[in-house]
1. Taking the criterion of being open to solvent by less than 30 Å² (accessible area, probe 1.4 Å), within 7 Å of another protein chain (Cβ to nearest Cβ) and in contact (Cβ under 8 Å) with a residue 24 or more places away in the chain, would at least one residue in region B:148-156 satisfy it?
2. Given (1) of a type in the set (Lys, Arg); (2) more than 7 Å from every other protein chain (Cβ to nearest Cβ); (3) under 30 Å from residue A:115 (Cβ atoms); (4) without any contact (Cβ under 8 Å) to a residue 40 or more places away in the chain, where does residue B:20 come up short, assuming only one miss?
3. Which of the residues that make up region B:78-92 are over 27 Å from residue B:27 (Cα atoms), part of a loop (DSSP other than H, G, I, E, B) and open to solvent by less than 40 Å² (accessible area, probe 1.4 Å)?
4. Against the condition within 12 Å of the chain's Cα centre (by Cα) and not charged (D, E, K, R), how does residue A:75 come out, does it pass?
5. Based on this model, can you work out whether residue A:128 counts as open to solvent by less than 10 Å² (accessible area, probe 1.4 Å), within 8 Å of chain B (Cβ to nearest Cβ) and under 20 Å from residue B:142 (Cβ atoms)?
6. When region B:93-109 is examined, which residues are found to be free of Cβ contacts under 8 Å to residues at least 24 places away in the same chain and not in a strand (DSSP E or B)?
7. Output the residues belonging to region A:93-109 that are within 7 Å of another protein chain (Cβ to nearest Cβ) and either over 22 Å from residue B:53 (Cα atoms) or open to solvent by less than 10 Å² (accessible area, probe 1.4 Å) (or both).
8. Given the options B:112, B:139, name the one that is part of a strand (DSSP E or B), at the interface with another protein chain (Cβ under 9 Å from one of its Cβ atoms) and crowded, with 24+ Cβ neighbours inside 10 Å.
There are 2 protein chains.
Amino acid sequence: MSDVRPHEIMVPTTAPDDARLRFIGKIHTPWSDRKDCPRQGKIDGPECRIEIFEPWVPALKGIEDYDRIEILYWLDKARRDLVVQNPGHSDSVFGTFALRSPVRPNPIGTVLAKLVSVDGATLVVRGLDCLDGTPLLDLKPDRCAFSPKASPKPAAT
Amino acid sequence: MSDVRPHEIMVPTTAPDDARLRFIGKIHTPWSDRKDCPRQGKIDGPECRIEIFEPWVPALKGIEDYDRIEILYWLDKARRDLVVQNPGHSDSVFGTFALRSPVRPNPIGTVLAKLVSVDGATLVVRGLDCLDGTPLLDLKPDRCAFSPKASPKPAAT
């Protein structure tokens with residue numbers, strides 16, 4: 001768990017239990033220490049492998065049609081009780097919601113990655129920046145490329 | 001909970017408990033019935049209000065600098081056990097991970113919204129498509145506009 005830096009503000013919290021997640025896979029990256037992870041993934045970064053657990057493998061059907069996919073993962077090493085953070089170890093502090101730091105009340109990372117290939121239960125992607133072994137929460141087509149498959153609705157308000 | 005349509009595939013699952021979430025706020029939209037929600041939010045859609053719960057309000061500090069923010073929310077009405085879905089009520093089925101449907105093993109919605117204003121614990125945004133009362137999980141600056149605040153790292157692999 002990360003330490004608290006000068007000027008950071010920690011809040012008292014109770015154990016979270018408003019909803020529960022299941023890990024649906026595991027992300028394999030070249031980075032096994034947080035200090036080696038890039039600050040932000042790049043589409044031309046190294047190839048990383050995502051392993052999907054059963055029974056979710058059939059849910060990949062059709063994902064190969066997308067060049068860009070959104071990946072959600074659980075930053076299981078991050079503390080969850082800071083509201084103000086000092087990422088630059090300076091006098092400038094930022095609210096947690098004005099940062100993409102892993103430290104947040106619900107440490108869910110999101111990334112838009114390039115889908116390189118799908119083979120059975122394994123995807124190869126570029127653009128990640130998380131630790132090796134990070135638990136996977138979700139995969140979705142990039143919202144820009146995706147068109148809803150249901151028939152259009154009548155004009156909504 | 002939504003029904004299962006022809007050709008959809010449901011998988012047996014146990015109660016999820018790999019990680020736990022806390023709801024940090026509530027989203028107010030004009031849509032109180034799922035059939036009225038737009039299929040995908042639009043940046044020129046109606047203004048919606050997000051209410052942040054204590055003790056997380058100070059975490060908003062600096063978010064007003066961003067025009068676009070990523071919003072994560074919990075689709076608490078969605079079933080979680082379908083791997084193949086039939087969104088068009090047709091013979092075409094799609095894997096859950098090839099859809100942006102609310103029905104998924106971890107029903108987390110993500111949207112890139114326009115931040116209109118921040119006033120105390122309340123944000124006004126455009127671009128949402130979720131039900132009124134949807135629980136909020138996270139807010140982050142849009143990854144395209146955000147520059148990490150920590151000092152750059154030495155060239156990474």
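The values are calculated or read from the model by the stated rules, or taken from the named source; none is laboratory data. Since we're looking at a predicted model, the values are computed, not measured. Ideal geometry is used to build each Cβ from the backbone, glycine not excepted, and the neighbour counts take in all protein chains shown. The protein model used for the area step is the full one, side chains on, heavy atoms only, and it has no ligands, DNA or RNA in it. Shrake-Rupley method; radii C 1.70, N 1.55, O 1.52, S 1.80 Å.
1. no
2. The one condition residue B:20 does not meet is (2).
3. Of everything in region B:78-92, those that are over 27 Å from residue B:27 (Cα atoms), part of a loop (DSSP other than H, G, I, E, B) and open to solvent by less than 40 Å² (accessible area, probe 1.4 Å) turn out to be B:86, B:88.
4. Yes, satisfied.
5. no
6. B:96, B:97, B:98, B:99, B:101
7. Within region A:93-109, A:95, A:96, A:97, A:98, A:99, A:104, A:105, A:106, A:108 meet the criteria.
8. B:139
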